[in-house]
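Visitor: Below is a structure I'd like to ask you about.
What follows draws every value from the coordinates through simple rules; no lab data is involved. Computed from a predicted model, the values in this text were never measured in an experiment. In this analysis, Cβ positions are derived from the backbone assuming ideal geometry, glycine residues included, and neighbour counts consider all displayed protein chains.
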Amino acid sequence: MIRGVAAIVGRPNVGKSTLFNRLLGERKSIVDDTPGVTRDRIYGDVEWLTQTFRLIDTGGIQLEDQDFGDEINMQVDIAIEEADVIIFLASAREGVTADDLAIARKLRKAGKPVVLAVNKADNEKLQMEVYDFYQLGLDDPITLSASHGIGIGDLLDRVMEKMPVRDLKPYEGVTSFCVIGRPNVGKSSLVNAILKEDRTIVSNVEGTTRDAIDTPFFYEGREYMIIDTAGIRKRGKIWENIEKYSILRAVSAIERSNVVLFLIDGEKGIRAQDKHVAGLAHEAGKGVIIVYNKWDAVEKDEKTMQQITKKIREEFKYLDYAPVAFVSALTGAKVQNLIPLIDQVHEMCTLRVPTNVLNDVILDAQMMNPPKPHNGRQLKIYYSSQVSVEPPTIVLFVNDPELLHFSYTRYIENRLREAFGFTGTPIHITARKRS
Ligand code: GDP
Ligand code: GDP
């Protein structure tokens with residue numbers, strides 16, 4: 001579970017990305033499929049003692065054709081909006097600069113917890129420079145050398161100390177869902193269409209821990225929550241067009257949801273950016289529904305739906321468990337089908353299969369199609385058990401976990417789906433050595 005979010009801000013060259021890499025253990029760069037493109041990761045999860053928090057390097061969020069003052073401003077705004085604690089990084093080598101003063105002013109105004117860290121304090125002489133930083137009017141500065149790994153523990157202690165208690169997870173007792181997709185697919189139109197249909201929007205009650213950006217409503221006597229609704233509406237196009245920012249938002253919305261509606265623009269068809277978004281939905285282990293929007297704008301005959309479904313299956317192979325819904329947020333057509341589908345998927349995410357029933361199905365599967373021997377040794381599944389839900393997680397107790405091949409996991413998964421449905425939810429299957 002993620003305790004909260006921290007973000008690093010600071011002017012260019014103070015060492016933000018060095019610190020980020022150090023805290024994440026150098027796992028930063030991920031290479032894109034396209035040759036020559038390295039997409040730098042700007043967020044990751046940091047474990048410190050017994051807790052985990054998410055870290056964002058706002059320096060990785062860049063604007064095209066904007067001067068650098070605007071860029072820092074935007075980065076600080078994003079940090080203020082997204083983070084529970086802000087790590088303000090400066091440099092002992094350059095001392096306090098005009099940009100540092102401007103950033104400090106903005107942070108003081110925002111009133112969020114700030115940890116001031118002065119980097120590049122590689123030796124004692126530079127560590128003395130830290131006194132200069134009291135003029136920023138923030139907390140006592142921490143001295144740091146990101147590249148030498150000095151002061152990292154103190155920094156992390158301070159971050160955890162200032163982090164409010166706010167585990168990021170779905171609300172209890174209500175079905176929470178979010179709507180994600182690239183700009184202009186119709187996210188806000190769909191949210192409006194869902195809320196329009198004669199539903200009672202529950203206003204936020206003071207003193208509850210509900211996030212102001214989530215919209216609760218009742219439908220047929222049950223309570224639902226649309227996650228990050230204000231985020232969809234408020235910031236508008238300028239920010240959403242910054243892909244890295246919109247990915248950050250999507251990730252945090254997904255985390256707090258039970259079910260994710262992944263929207264595709266039917267008018268424009270499937271685009272490369274849709275794959276990123278779909279990947280986020282899948283990796284989170286949440287329920288997923290693929291919503292093909294703007295159905296009104298699609299030229300169609302009786303075969304079109306089938307053809308598009310086939311194309312969706314080809315493009316998003318790993319989301320083969322997600323049902324596909326065709327809707328028009330604009331006209332409202334078929335939007336009323338979404339809530340029952342969300343209910344169904346959420347139910348499947350939380351389905352618990354009794355151990356004896358599970359074992360019957362897996363024994364049968366093993367008998368019908370025994371695992372192929374590997375180097376003369378054959379996998380034996382003795383028994384299995386479902387250890388958790390959301391997503392359903394199944395442990396197979398076996399003779400040797402190394403013998404469980406990906407294709408056999410896939411086969412077991414398919415048998416489980418045939419037997420129990422599990423519509424819309426990923427299933428995690430792992431093997432453990434029988435003790
Ligand atoms: P960013 O622009 O804020 O992300 O800064 P970078 O992480 O790219 O670092 C800018 C430069 O400062 C790089 O050449 C780093 O190697 C260097 N640097 C980062 N941390 C330290 C440090 O603790 N001491 C020293 N001397 N150099 C550092
Ligand atoms: P967002 O950026 O994903 O929130 O997308 P919006 O909800 O702002 O919609 C982007 C544009 O698509 C707007 O002009 C909407 O009117 C239009 N739009 C949204 N849903 C539909 C739909 O179902 N059919 C058609 N034809 N247009 C739609």
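Visitor: Please state the Cα pair-distance histogram of the chain with 20 angstrom bins from zero: what percent is in each bin?
Guide: Result, from short to long distances: 22, 49, 26, 2 percent.
Visitor: Taking the Cα centre of the range 282-435 as the origin and placing charges on Cβ (Lys, Arg +1; Asp, Glu -1), which of P391, Q378, N293 is farthest toward the positive end of the dipole?
Guide: Q378
Visitor: To test your reading of the geometry: what angle, between 0 and 90 degrees and rounded to tens, separates the Cα axis of helix 152-162 from the longest principal axis of the chain?
Guide: Orientation of helix 152-162: about 80 degrees from the principal axis.
Visitor: Taking the Cα centre of each part, how many Å lie between the range 273-331 and the range 106-169?
Guide: Answer, in whole Å: 45.
Visitor: What number, rounded to the nearest 500 deg cm²/dmol, is the helix-based mean residue ellipticity at 222 nm of the chain, given -39500 (n - 2.57) per DSSP H run of at least four residues and division by all its residues?
Guide: Numbers: 14 runs with 152 residues, N = 435.
Mean residue ellipticity, 222 nm, calculated: -10500 deg cm²/dmol.
Visitor: How tilted is helix 243-255 with respect to the longest principal axis of the chain? Cα atoms for both, answer in degrees (0 to 90, nearest 10).
Guide: Its long axis makes an angle of about 60 degrees.
Visitor: For the range 103-182, what log10 I(q)/I(0) values come out of the Debye formula at q = 0.14, 0.16, 0.18, 0.26 1/Å, with one point per alpha carbon and no solvent?
Guide: -0.64, -0.74, -0.84, -1.26
Visitor: Rounding to the nearest 20 debye, state how big the charge dipole of the chain is about its Cα centre with +1 on each Lys and Arg Cβ and -1 on each Asp and Glu Cβ. Numbers along the way, then the final one.
Guide: Numbers: 56 positive and 61 negative charges, 184 e Å.
Value, rounded to 20: 880 debye.
Visitor: Which of A117, A230, A278 moves the most in a Gaussian network model of the chain with Cα springs under 10 Å?
Guide: Between A117, A230, A278, it is A230 that shows the largest mean-square fluctuation.
Visitor: Quick one: helix 68-82 against the long Cα principal axis of the chain, what's the angle to the nearest 10°, folded into 0 to 90?
Guide: Roughly 60 degrees between the two axes.
Visitor: Follow-up. Among the listed pairs K196/K310; K310/K334; K187/K303; K162/K187; K303/K334; K162/K244, which are separated by more than 23 Å between their Cα atoms? Working shown, then result.
Guide: Details: K196/K310 31 Å; K310/K334 20 Å; K187/K303 26 Å; K162/K187 34 Å; K303/K334 18 Å; K162/K244 26 Å.
As for pairs spanning more than 23 Å Cα to Cα, those are K196/K310; K187/K303; K162/K187; K162/K244.
Visitor: Counting every Cα pair in the range 2-162, what percent are over 18 Å apart?
Guide: Working: 7380 of 12880 pairs.
Looking at the range 2-162, the distances longer than 18 Å represent 57 percent of pairs.
Visitor: Could you estimate the translational diffusion coefficient of the range 355-433 from the Stokes-Einstein equation, with Rh from the Kirkwood formula over C-alpha pairs, at 25 °C and 0.890 mPa s, in whole µm²/s? The partial results should precede the final answer.
Guide: Values: Rh = 12.7 Å.
D, rounded to a whole number, is 194 µm²/s.
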